[in-house]
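Q: The structure that follows is given in the form of structure tokens.
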Amino acid sequence: MGQLSDRLNRLAPSATLAMSQKSSEMKAQGIDVINMSVGEPDFNTPEHIKAAAKKAVDENYSKYSPVPGYPDLRKAIVEKLKRENGLDYTVNEVLVSNGAKQSVCNTIMALINDGDEVIIPAPYWVSYPQMVKLAGGNPVFVSAGFEQNFKMTPRQLESAITPKTKLLILCSPSNPTGSVYSQEELAALADVVKQHDGLYVLADEIYEHINYIGRHASIAKVDGMKERTIVVNGVSKAYAMTGWRIGYIAAPEWIVKGCNKLQGQYTSGPCSVSQKAAEAAYTLGQVCVEEMRKAFERRRNLIVRLAKDIPGLEVNEPQGAFYLFPKCSSFFGKSDGVTTIHNATDFALYLLDKAHVATVSGDAFGAPECFRMSYATSDENIKEAMRRIKETLAKLK
């Protein structure tokens with residue numbers, strides 16, 4: 001048997017995708033599994049966006065697109081950033097990619113050299129450290145736990161910075177915790193960043209519109225930070241367009257040029273039809289975004305209430321995204337007489353096996369005392385899943 005590259009062997013498989021796969025396999029066996037492991041809106045793409053895609057097909061948008069994306073879409077993104085975020089970019093400072101995931105990876109690959117350090121607050125999205133390792137960099141984790149509402153402090157950031165630090169990755173609203181940094185909190189972190197030459201911020205804002213505390217805050221808006229910030233966003237979450245695979249960066253032009261060079265060699269431009277759909281998403285009516293946000297907020301309130309009613313779980317109230325990230329460490333060491341829970345991975349597997357509810361262990365997110373549940377599902381599924389979880393956990397003594 002052949003040997004895979006050292007680069008690939010450094011990587012771990014995606015825990016969220018693995019748990020979703022386990023759920024699908026059980027469903028295929030006829031088991032009634034409620035999947036709360038996947039970060040995907042359960043809504044359909046709005047009709048006016050689908051209509052724009054159909055129109056693009058009829059107009060023969062079937063050729064290779066420019067590597068950085070169609071100019072009209074990049075212009076629509078520029079206008080969106082000005083209108084919604086108060087940020088001034090040019091079309092040449094925007095690059096469209098095959099999903100925000102590629103946007104993040106492009107940025108890391110373009111900026112990080114072997115041995116460079118990248119600060120990642122924990123809990124973190126599972127792919128951040130893997131992408132850093134792929135680039136030859138070293139992830140540096142800063143623990144921002146349950147007690148501080150999963151948000152890193154300026155003092156923690158300062159303590160983590162070394163002469164090798166090149167990048168800070170921030171995700172707000174956060175996957176996996178749902179925590180949201182305020183403009184004041186971001187300004188305080190920015191004050192630290194600005195004291196260190198050559199330090200940049202990758203601001204993953206893909207959950208921007210799923211926000212329950214008011215206007216979204218971007219660190220790029222802080223004075224002196226636009227030239228140090230790579231904003232990552234896209235249409236996946238706000239417009240229920242995960243499968244369309246459209247994300248983007250807005251960044252200083254030299255960074256965009258670097259990412260364009262990289263993208264030109266390994267994927268080229270994103271899907272032509274998807275780009276026309278994304279253009280419609282940004283330029284046409286936004287009522288659908290608020291309707292979905294309100295539904296997620298209602299579900300947030302529901303799942304928080306039900307989770308707080310389960311003895312042994314510690315629950316905070318997420319301020320955005322569509323995840324709940326409860327602390328489950330009180331169950332470690334407990335048993336139902338057959339199975340003993342040693343850690344969060346055991347806990348998540350126990351819920352899948354006994355309650356038939358798919359969640360994700362906090363181990364995958366750098367928070368081994370917690371687990372993640374996505375409430376991007378129906379109210380009925382949430383109620384039934386929480387009933388099963390409560391009933392199942394009551395058996396652990």
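The values are calculated or read from the model by the stated rules, or taken from the named source; none is laboratory data. Small disclaimer: the values here were computed from a predicted structure and weren't measured. Positions of Cβ are generated from backbone atoms using ideal geometry, with glycine treated the same way; all protein chains shown enter the neighbour counts. In case anyone asks, the SASA skips ligands and DNA or RNA and just uses the protein heavy atoms, side chains included. Shrake-Rupley method; radii C 1.70, N 1.55, O 1.52, S 1.80 Å.
Q: Cross-link list Lys101/Lys226; Lys75/Lys101; Lys294/Lys354; Lys50/Lys221; Lys327/Lys395; Lys50/Lys101: which exceed 25 angstrom alpha carbon to alpha carbon? Write down the numbers at each step before the final one.
A: Details: Lys101/Lys226 21 Å; Lys75/Lys101 21 Å; Lys294/Lys354 32 Å; Lys50/Lys221 32 Å; Lys327/Lys395 18 Å; Lys50/Lys101 22 Å.
Beyond 25 Å between Cα atoms: Lys294/Lys354; Lys50/Lys221.
Q: Which percent of the accessible heavy-atom area of the chain goes to carbon and sulfur, probe 1.4 angstrom?
A: On the way: 8530 of 16810 Å².
Roughly 51 percent, rounded to a whole number.
Q: Please list the equivalent ellipsoid semi-axes of segment 142-184, computed as the square roots of five times the alpha-carbon gyration tensor eigenvalues, in descending order and whole angstrom. Please report the intermediate quantities before stating the final value.
A: Details: eigenvalues 77, 27, 20 Å².
In descending order the semi-axes read 20, 12, 10 Å.
Q: If you don't mind, there's one more thing I want to ask. Specify, per residue and in Å³, the volume enclosed by the convex hull of the alpha carbon atoms belonging to segment 1-89.
A: Spelled out: Cα convex hull of segment 1-89, divided by residues, is 277 Å³.
Q: Please go through the residue pairs Lys82/Lys261; Lys166/Lys261; Lys151/Lys334; Lys27/Lys54 and name each one whose alpha carbons sit more than 23 Å apart in this structure. Display every interim value, and only then the final one.
A: Values: Lys82/Lys261 26 Å; Lys166/Lys261 20 Å; Lys151/Lys334 30 Å; Lys27/Lys54 33 Å.
Among Lys82/Lys261; Lys166/Lys261; Lys151/Lys334; Lys27/Lys54, the Cα-Cα distance tops 23 Å for Lys82/Lys261; Lys151/Lys334; Lys27/Lys54.
Q: Still on this structure: Ignoring ligands, DNA and RNA, how do Asp204, Asp336, Asp88 rank by accessible area with a 1.4 Å probe, largest first?
A: Asp88, Asp336, Asp204
Q: So what's segment 65-175 giving for Cα Rg divided by 2.2 N^0.38 Å, two decimals?
A: Values: Rg = 16.0 Å, N = 111, 2.2 N^0.38 = 13.2 Å.
Against the compact-globule rule of thumb, the ratio is 1.22.
Q: Take the alpha carbon atoms of segment 318-371, find their center, do the same for segment 245-312, and report the distance between the two centers in whole angstrom.
A: 27
Q: Provide the per-residue ³J(HN,Hα) series for segment 47-61, in order, calculated from phi with Karplus coefficients 6.51, -1.76, 1.60 and θ = phi - 60°, each as a whole number of Hz, with x at glycine and proline positions.
A: 4, 5, 6, 4, 4, 5, 5, 4, 5, 5, 5, 5, 8, 6, 7
Q: Right, next: Of Asn233, Val140, Ile119, which is farthest on the positive side of the dipole of the chain, counting Cα position, with +1 on Lys and Arg Cβ, -1 on Asp and Glu Cβ, and the Cα centre as origin?
A: Of the options given, the answer is Asn233.
Q: What does the charge add up to near Cys259, with Lys and Arg as +1, Asp and Glu as -1, over the other residues with Cβ less than 14 Å from its Cβ?
A: Value of the local net charge: +2.
Q: Let me spell out the model: positive unit charges on the Cβ of Lys and Arg, negative unit charges on the Cβ of Asp and Glu, origin at the Cα centre of segment 204-283. What dipole size does that give, in debye rounded to 20?
A: Working: 9 positive and 7 negative charges, 24 e Å.
About 120 debye.
Q: Can you give the accessible area per residue of segment 153-212, in Å², using a 1.4 Å probe?
A: On the way: 2120 Å² over 60 residues.
Spelled out: the 1.4 Å probe surface of segment 153-212, per residue, equals 35 Å².
Q: Going toward the positive end of the dipole of segment 1-41, with +1 on Lys and Arg Cβ and -1 on Asp and Glu Cβ, which of Gly2, Gln29, Met19 do you reach last?
A: Final value for the positive-end residue is Gly2.
Q: Could you please state, rounded to a whole Å, how far the C-alpha centre of segment 83-120 is from the C-alpha centre of segment 159-174?
A: Each part's Cα centre sits 14 Å from the other's.
Q: What are the chymotrypsin sites (Phe, Trp or Tyr not before Pro) within segment 62-158 that DSSP puts in a loop, where the Cβ has at most 13 other Cβ atoms within 10 Å?
A: Counting only loop positions with at most 13 other Cβ atoms within 10 Å, the chymotrypsin sites (Phe, Trp or Tyr not before Pro) in segment 62-158 are Tyr64.
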